[in-house]
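Accompanying notes for the structure given below.
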Amino acid sequence: MTLKERISDIFEKYSVELAVEEKEEKQEVALMATAVLESGQEIMTDADAFAVGVSAFVVNDEGERIPLPDGDYQLQDGSMLVVAEGAVVEVNEATTEPEVEAEEEKEEEMKAEEVEASSEVLTREAVEGMIAEAIEATKKEFSSQIEERDAKITELSKQASPSIARAPKMEAPVSVDLKSLSITERVAAIHNQFSK
């Protein structure tokens, strides 16, 4: 006999009936709106959207709701929330300024012009002309740099102190065959060599 059968026999003997009680768990589906601050922090509200009068809070790692401190909060979408005592007191929607729109239109026009310009076909002669112009400009730049360098060298050489003189040329010693000279002549020859 299995354990299940034994338990069933005991329940029958004592007239115990087992019934499975199904609990209906109410799961609250909270419609929480979320938004992201410029700093990347996510904020929430119990309402379906951020509006005046709704609570604003953050949820920490333990699931606790922490009310937002009083202040102005810039959202990533450009809108602004003003919070006081944990509730939203003012909502300023993101607005685009006409200047920004005008700049965006100018950028789009410039991009369109660039696309048109890049779609033009360049001839071989045009490319050769561009290369020749680039080479000529480089030559002019290098020759001006060389001229500047030469001018600096000339200026520095003029500024060099005239007191710095070059060492006098040493005359090559006259070789004398000392063996053929007398002692007195040898001493005089050696003395003459070192005295020059």
Task: Criterion violated by VAL36 - all others in (1) at pLDDT 85 or above; (2) over 35 Å from the mean Cα position of the chain (by Cα) satisfied - done: (2)
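Residue-by-condition table, conditions (1) at pLDDT 85 or above; (2) assigned to a helix (DSSP H, G or I); (3) surrounded by 10 or more Cβ atoms within 10 Å (Cβ to Cβ):
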| residue | (1), (2), (3) |
| --- | --- |
| GLU114 | no, yes, yes |
| ALA126 | no, yes, yes |
| THR154 | yes, yes, yes |
| ALA165 | no, no, no |
| PRO173 | no, no, yes |
| GLU185 | yes, yes, yes |
| PHE194 | no, yes, no |
Task: Test result for ASP72, within 16 Å of ALA33 (Cα to Cα) and not hydroxyl-bearing (Ser, Thr, Tyr) - done: no
Open item on the list: Tell me whether segment 73-90 contains one or more residues that are under 30 Å from VAL52 (Cα atoms), in a loop (DSSP other than H, G, I, E, B), at pLDDT 85 or above and touching a Ser or Thr at 6+ places or on another chain (Cβ under 8 Å).
Closed with: yes
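The values are calculated or read from the model by the stated rules, or taken from the named source; none is laboratory data. Here the structure is a predicted model, which means the values were calculated and not measured. No Cβ is skipped: glycine too gets one built from the backbone with ideal geometry, and neighbour counts run over all protein chains shown.
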